[in-house]
Amino acid sequence: MEYINRLDFIWKIKLTEEHKVASITHATNAVLIHNILPVQIAKMYLDPARMGQGYSRSYTDVAVMFASIPNFMDFYTETDLNDQGIKCLQLLNEIIVDFDNALFEFDDVEKIKVIGSTYMAACGLEVNERGRTSSSRFPSAEFGYISSRKHSNENQPNIEKRRRSLVTIVKFAAAMMVKLRGINKDAFQDFELRIGIDSGPIVAGVIGAQKPLYDIWGDTVNMASRMDSTGVNGNIQIAARSANLLTQSGVKCAFRGKIKVKGKEKLIPAYFVRLNENFEVQFGSEIDKHCTQTHDNACY
């Protein structure tokens, strides 16, 4: 009898330890999932009843931003002086962390990913990884799964919402420029951001099982990327439809000219968002028809 009691006691201790390990493992997994997926989607993936189900959803009014540091690759070298490039990457990490910190001032902006030295974000997705409710009055909706289901309002553009998303992402882009200027001062560098933005319909979803990735796709995403790649350092470049919406919201834009964009047969008009020397967004009632060449062929 004493042997059985002792064995039972040992089993209870072992079971308690196993429960403790399982609890720690679950908490660790939750932290990791919340760091790589928006909070609402992370909750879905942590729900055992939904395990194995995918996620996708269509949106009509999302503003997408690509912000590149073109001269970072000129800065990056692999020498003994910088530990074979490690110190260069440490500085890049410091820059990205500062950009991430700027997100806390913009609840509606969702970081999508970092590609090399390019920071990708979007506004209007109605989810964010910081666990706060969206501050914009966007209509609520259920989260969908990969299926043929459609949201009742997803094919109905909301111009007011798109304008809000655009203004918010432009302000976030300007805040990134301020952050980078501070890092330049501390690190004695001359990095500049080249930013491209567009707005319109996109599809969002999670791909992968072992390492799930939240991403967005669509012509709006492609155009934002092209606005970045064809842009000018120190500027925020946008396409015509976004320039018109920003102007309606009082944001000043300047006509750059028509440019060649990959995937488009004809030249398309491009615009710069007007910023002052402190990277503050300028407000006015009309689109400037001419671009003042004041710095590196940029328009301020």
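Going by the structure shown, is A187 aliphatic (A, V, I, L, M) and either modelled with pLDDT under 95 or on the phi > 0 side of the Ramachandran plot (or both)? Outline the logic, then answer.
On the way: aliphatic (A, V, I, L, M): yes; either modelled with pLDDT under 95 or on the phi > 0 side of the Ramachandran plot (or both): yes.
Judged against the criteria, A187 is a match.
Please state which of the following conditions A204 fails to meet, knowing it meets all the rest: (1) under 22 Å from E280 (Cβ atoms); (2) surrounded by 20 or more Cβ atoms within 10 Å (Cβ to Cβ); (3) of a type outside the set (V, I, T).
Failed condition: (1).
Are there any strands (runs of 3 or more DSSP E) wholly within segment 217-277 with 3 or more residues that are under 19 Å from the mean Cα position of the chain (by Cα) and closer than 20 Å to L180 by Cα, and if so which?
Numbers: elements: 235-239, 253-259, 268-273.
Because the criterion is at least 3 residues that are under 19 Å from the mean Cα position of the chain (by Cα) and closer than 20 Å to L180 by Cα, the strands (runs of 3 or more DSSP E) in segment 217-277 that meet it are 235-239.
Could you list all residues from segment 234-270 that are within 24 Å of R164 (Cα to Cα) and among the acidic types (D, E)?
none
Pull up segment 207-221, narrow it to residues that are open to solvent by 70 Å² or more (accessible area, probe 1.4 Å) and not aliphatic (A, V, I, L, M), then point me to the one that is modelled with the lowest pLDDT. Steps first, answer last, please.
Step one: list which residues in segment 207-221 are open to solvent by 70 Å² or more (accessible area, probe 1.4 Å), which gives 207, 209-211, 217, 219.
Adding the requirement that they be not aliphatic (A, V, I, L, M) leaves 210-211, 217, 219.
Values: Q210: 73, K211: 76, W217: 96, D219: 95.
Selected residue: Q210.
Restricting attention to segment 27-86, which residues are open to solvent by 10 Å² or more (accessible area, probe 1.4 Å), of a type in the set (V, I, T) and modelled with pLDDT under 80?
Result: T28, V31, I33, I36, V39.
So K185 ticks every box in (1) closer than 24 Å to D98 by Cα; (2) in a strand (DSSP E or B) but one. Which box is left unticked?
Just one mismatch for K185, condition (2).
Name the residues in segment 257-281 that are among the acidic types (D, E) and farther than 24 Å from F172 by Cβ, would you?
Step one: list which residues in segment 257-281 are among the acidic types (D, E), which gives 265, 277, 280.
Of everything in segment 257-281, just one residue is among the acidic types (D, E) and farther than 24 Å from F172 by Cβ, namely E265.
Kindly evaluate G196 against the criterion of being without any contact (Cβ under 8 Å) to a residue 24 or more places away in the chain and buried (at least 16 other Cβ atoms within 10 Å of the Cβ).
Values: without any contact (Cβ under 8 Å) to a residue 24 or more places away in the chain: no; buried (at least 16 other Cβ atoms within 10 Å of the Cβ): yes.
No: the conditions fail for G196.
Report, ordered by the first and then the second residue, all pairs with beta carbons closer than 7 Å, sequence separation of six or more or different chains, a first member in segment 226-246 that is under 16 Å from F283 (Cα atoms), and a second member that is open to solvent by 10 Å² or more (accessible area, probe 1.4 Å) and part of a helix (DSSP H, G or I).
Listed by first residue and then by second, the contacts come to L245/R162; L245/R163; L246/V167.
The values are calculated or read from the model by the stated rules, or taken from the named source; none is laboratory data. Here the structure is a predicted model, which means the values were calculated and not measured. Here the Cβ is made from the backbone with ideal geometry for all residues, glycine too, and neighbour counts use every protein chain on show. All accessible areas refer to the heavy atoms of the entire protein, side chains included, with ligands and DNA or RNA removed. Shrake-Rupley method; radii C 1.70, N 1.55, O 1.52, S 1.80 Å.
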